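Please treat every number below as a calculation from the coordinates, not as lab data. Since this is a predicted model, take the numbers as computed values, not measurements. We place every Cβ from the backbone using ideal geometry, glycine too, and count neighbours over all the protein chains shown.
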């Protein structure tokens, strides 16, 4: 009985060794394709191009020497095309409504440029003024008995 138990233990240890070696070989094969691509130090990435329409999931292409790489990316659906989705700005509050132009303005300073995007250091954006001034609606009197 002891001989059978020790044989089973030896077989289990051998099986564990074989499976760990097989796992190492698979990881090394995966690194082979990516390892050559990571040797390049200065990758240049283009802008994110949506798969459908103007926003949503898309692809960003990167190049380094003769190598190309594609990364998955997302273009937010509320981005402003004038300054791009890869330029992140910190905006101040909206200014007063200019009656001459009928618009409000605010400025933003560059907070972050993703993927080495070329961004303007400061930008100015505008939006139309509201057409009606909002006033509180007068509440209706109670619907009690009317005399």
Full extension from residue 17 to residue 124: what is 0.36 nm times the residue separation minus their Cα-Cα distance, to one decimal in nm? 32.1 nm
Grab the beta carbon distance between residue 101 and residue 49, set R0 = 35 Å, and tell me the FRET efficiency rounded to 0.05. 0.55
Residues 75, 8 arranged by fewest to most Cβ contacts within 10 Å: 8, 75
If I model a spin label as a point 7 Å beyond the Cα along the Cα-Cβ vector, how far apart are those points for residue 1 and residue 39 in nm? 6.1 nm
Going from the fewest other Cβ atoms within 10 Å to the most, one would list 131, 7, 63 as 131, 7, 63
Taking R0 as 22 Å, what FRET efficiency do you get between residue 65 and residue 116 from their Cβ-Cβ distance, rounded to the nearest 0.05? 0.85
Mean separation of Cα contacts under 8 Å (6+ apart) over length of the range 39-79, as relative contact order %: 37 percent
Fewest Cβ neighbours within 10 Å first, please rank 123, 17 accordingly. 17, 123
